[in-house]
Structure formats: structure tokens, C-alpha cells
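Please read the structure below before turning to the comments.
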Amino acid sequence: MNQKVSLKEKIGYALGDGAANIAWRGVATFLFIFYTDVFGLSPVTVGVLFLVARSSDGISDVLMGIIGDRTKSKYGKFRPWILWTAIPLGVILSLLFTSPELTENGKIVYAYITYIFFTLLYTANNIPYGALMAVMTGDDKERTSIGSFRMVGAFAGGMLVQGALLFLVVYFGNVNPKIEVNSINKDQYQVAVTATQDMEHVNIKTENGIALFSWENEALNAEDNAPTTSKSFAMKDGEEYTFLLSGEKDITTDSITLIDQKSGYGTSMYVMSALLAILMLITFYTTRERVLPPKNQKTNLKQDFADLIKNKPWLVLLGIGLLFNIYNSIKQGIVVIYFTHYLNDQLLSASYLIALMLASILGAFLTASLSKKLGKRNLFIYALIFSGLVNALLVFCTPEDISAIFTLGIVSEFAAAMFPTLFFVMLGDAADFSEWKNERRATGLIYSAGSFATKFGGGIAGAIIGLVLGAFHYNGQDSTSIQGAFPGMVMLMSWVPAIVSLLAAGLMFLYPLNAKKMEQITKELNERRTLEKAS
């Protein structure tokens, strides 16, 4: 039974992961800095939130896998969940980046509620989406092709949100108060800003991001008056705020930018959320389910779990998925903070993230052909080691080494793009292994590992980022503490994730399904399915 999948269906399926990554990469890349720098939570609070909210993922993911396997509808087992969750997932993503007026405790409660609901809805959407790939075709090589399309879609969605969001924040959050610039001497200026409305959190800097700001009235702002490239503060309608600016020449009123990050993030994410829902609906309408469980298989939850625990490929993949998601999530979660504060150029992070996404797309495209030559297991090991070692070299880069930072990041990401591509294809192999060995298939339960690893890995990564930055006393709304946390930012950008990647490579040596074994399994399963269909 050779089940080929059309190009249209592969593209339609890929758009679903594009949508999922608008949500997931948007959260992984921007939610930490939004919580600390805009919403006003401490990094340790955010890190604990990420870890606690993800602690229940193992239960919710397994339950969703069980529910998916037992869903019966005219649309199949997994496709209807994509339809049912498309709009709710977009709504909860918007609420994550909404900043209601609350007390400090109220903000923490709001963050917990919205974030937990986000993870639950993501589970209800993403586990059926992942499992869908395994039932679109019974051909493991065709699945690898679908997996490559999927990852191209995923990286394209990630590139969209990571590349465009900060520019949308600037566009939607642009503030136009009255600004006066008076020259004191050659490269020193007095900048007076008069608010035209109340704004809880604005950020002032120059377009080039070079000049240093300090408050003119040191007595009123003693705790936050170290010269820094930007200042964050609240504005009240009609009041004047005065700064001393130095280190940059030819400053005019057009050189000064003020961004209301609260409204900028909120409106920008509303746009992204609407696009997410549309793409998910396209995926639903363009895909089909073809692989069914064996006819004589009866519902037996106890047996499903027994098969799962004895499934060595699945157990190894669970650990691998957790580790590589910690690796990727640390890298994604620190980028905007690193570029904003350590490199003094937040918008440059958008260019960096786009460059990484382009490298990811190339890596995903080449995964299928490379896996045919090397085998999925070997390719996974090589990619983990190579990406981690290259990423570790970022520790030697200074803020002046922009070209080196881009080069190392791109090369590392090219290999890292192969992790999720191989992982989700290999989960399908683990489902085939279970059916081959036990004559039972629980695809949704198998794919629960994918969602669990993604979310819980991201939670551990968020906790690591929060604890490291907290150890260096990082406060996203205090310029002095930000500078003191520079060593922590460099650690998180370089060797901390690299250690995780090398651990994952070591674990991958335990994976038992090599190319020869998968050829045997695929051949025998196709023979069984042909006989079953004929009977």
C-alpha cells in the first residue's frame, strides 16, 4: 500500500504548523520580555510561572492523545480538533499579550490564568495536528517528506511573527508627544517630552540606539539615573519629562522615538491571532485521514498505556524531545532580551530572527534527503552535536561582533532546524513500531510526547532564563539592573543551551530504530494492511 500525498495537501498541512508557530514562537520569543519589561513582573516570577503552568502538561497531553484516538466524526479522529480549536487558540493568544490595569497580585493571577488556558488550548490543537501526519499516509518515507513541508511551514510562521512583531509594535505603539531638543554642546542635549495622554509604560531612545539618556532631575529619579541607551517610564497627560542626552551628534526631534509597548504588543498580537485562526481552518479543509487502526482493535486504555511504556523508541524520543526543546526555547527566549539590552538594538533582533528562520527553512528542506543518506537517527545525533558546539562559540562575541553573532547563529540554527523535523517524523515511526509489535495503534497517545516535550521543555527553559537573570538581579524596568545582568544574557545565549544539546546527542545513541529496521517494519505493515483491506 503506497499512499502518496498531493503537493496541495502537504502545503495545506504545513500551514497548520505555520499557524501553531505564530502562537508558539511568538510566546517563546516575546512573552518573557513582555511580562518583565511591559507587564511589570519579575524574571523569577515569570520563570516560576512558566515551570508551574507546564507541570501539568504530561497529564493534559496524554489525556488529549487518548481523546484524539477515541474521537469519531465524519471528519476523522484528529482533523475536527483543528477546526474546533482554531478560533479559541487565537483568542487566548491575544489575551496573553493584553495588559489590564491590575494590582501586582492581580497581574500574577491574570498571567497564570491566561497562560494555563493557552497551554491547554495549544494541547487540544497541536496533539491532533501532529498525529494527523501519521494517518495521512502509511509510507514512512512519504511521512518524512510531509515532515519537511511541515517544518518549512513552522519556520515560515516563526519567521513571520519573529520578524514582523517588533516592527508592528513600533507601528501600533508609536507615541507622538510634544518633544523639544536643546543643544548643550557638541554631543550633549536636553530633551523635554510633554505627554498628550496617560501611558503606563513608554520607552524612549534614539533611532540609532547609541545615545545615553539620564534624567535631568537626579533627585527625583536617583534610583534610575545611570546613563543608559533607553529609559522606560510612565507618562501623565500634560506633564513634562526632561532628559540629558549624550554620545550622539546631530540630534533632532525626529531622532527621538517613544513607543507605548503596552498597546503596541496588544494590537500587534491581535493581528497575528486572526491570521493564526485563518491558517488553521485552511489546514482542516485541505487534509485527509487515510490510515486507520486495525479492524479488530478494541478500545483498551490499560493496554494502550502498557504498549506505550514498553515502546523503547517512544521513551527515548520523549527524553530527546524534552532536551532539544529546552535547547531551542532558551535560545529563542533570550534573543530579544540579548539584542535589546546587550546589543542596544531591539529591532536588529528581528533581522537576526528572520535570518535564523531562513536557515531553518533550508535545514528543514534538506532533512529528508540527508536522512535518506545518513539515517534519521544518525542525522539527529550529528545535528545535535554540531548545533550545540557552534552555538557555544557565541560566548566569545562582544556587542561589536555583529557579523560573528549572525554567522554563528545562522550556522547553529541550520542544524537545529532538523531536530523538530526528525522528531515528529520519528514519532510516526514509533507509532508504526507499536502497531508492528503489538498489532495495536494509538497514534494520538504516541504524539502526546511531541506536545508534552514542546511545552514542558519550554517551561523548563523559561525557568532557567528566569533563574539565571534573577541571579544577576535583572529588572526589565530598571536600566541599572539590566546592565548588571549582561553576563547572564551572554551565558543564556551561548554555552548554557549548548550543554543541553550535547546531553540530547548522548541520549539519542539509545534509539533503536535504524533505517534497516524501519524498512522491515514499513514493508510488513503494508502487507498486513493490504490483506486486511482485501478481507
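The values are calculated or read from the model by the stated rules, or taken from the named source; none is laboratory data. Bear in mind the structure is a predicted one, so any value in this text is a computation, not a measurement. Cβ atoms come from the backbone with ideal geometry, glycine included; neighbour counts cover every protein chain shown.
Set side by side, the residues Phe97, Phe155 differ, and just one is modelled with pLDDT of 90 or more and buried (at least 24 other Cβ atoms within 10 Å of the Cβ), which is Phe97. What is the one condition in (1) crowded, with 24+ Cβ neighbours inside 10 Å; (2) among the β-branched types (Val, Ile, Thr); (3) farther than 19 Å from Phe149 by Cα; (4) more than 18 Å from the chain's Cα centre (by Cα) that Thr367 does not satisfy? Thr367 satisfies all of (1) crowded, with 24+ Cβ neighbours inside 10 Å; (2) among the β-branched types (Val, Ile, Thr); (3) farther than 19 Å from Phe149 by Cα; (4) more than 18 Å from the chain's Cα centre (by Cα) except (3). Please go through segment 72-91 and pick out each residue that is surrounded by fewer than 21 Cβ atoms within 10 Å (Cβ to Cβ) and touching a Phe, Trp or Tyr at 6+ places or on another chain (Cβ under 7 Å). Selection gives Leu83 alone. In this structure, is Ile282 under 31 Å from the mean Cα position of the chain (by Cα) and modelled with pLDDT under 95? It is false that Ile282 is under 31 Å from the mean Cα position of the chain (by Cα) and modelled with pLDDT under 95. Pairs are defined by a Cβ separation below 9 Å, a sequence spacing of at least 6 or placement on different chains, a first member in segment 477-489 that is not assigned by TED's automatic domain parsing to the domain that holds Phe213, and a second member that is basic (Lys, Arg); the pairs so defined are Ser479/Lys231.
Every condition in (1) surrounded by fewer than 23 Cβ atoms within 10 Å (Cβ to Cβ); (2) farther than 18 Å from Ser273 by Cα; (3) at pLDDT 90 or above is met by Tyr13 except one, and the failing one is (1).
Within the option set Gly90, Gly147, Gly76, Gly130, being part of a loop (DSSP other than H, G, I, E, B) and over 24 Å from Gln346 (Cβ atoms) holds for one residue only, Gly76.
Scanning segment 48-71 for residues that are under 23 Å from Ile330 (Cβ atoms) and not small (Gly, Ala, Ser), we see that the one that is surrounded by the fewest Cβ atoms within 10 Å (Cβ to Cβ) is Val52. Within segment 86-107, the set of residues being touching a residue at least 60 places away in the same chain (Cβ under 8 Å), farther than 13 Å from Met272 by Cβ and hydrophobic (A, V, I, L, M, F, W, C) comprises Ala86, Ile87.
Here is a check on your reading of the model: is Leu31 closer than 17 Å to Val336 by Cα, assigned to a helix (DSSP H, G or I) and not hydroxyl-bearing (Ser, Thr, Tyr)? Yes; evaluated as a whole, the condition is true for this residue. The residues listed here are Phe243, Phe213; of these, the one that is in contact with a helix residue (DSSP H, G or I) (Cβ under 9 Å, 6 or more places away or on another chain), modelled with pLDDT of 80 or more and not small (Gly, Ala, Ser) is Phe213. Please specify each residue of segment 160-215 satisfying the condition of being farther than 13 Å from Gln346 by Cβ, among the small types (Gly, Ala, Ser) and touching an Asp or Glu at 6+ places or on another chain (Cβ under 7 Å). Scanning segment 160-215 gives Ala192, Ala195, Ala211.
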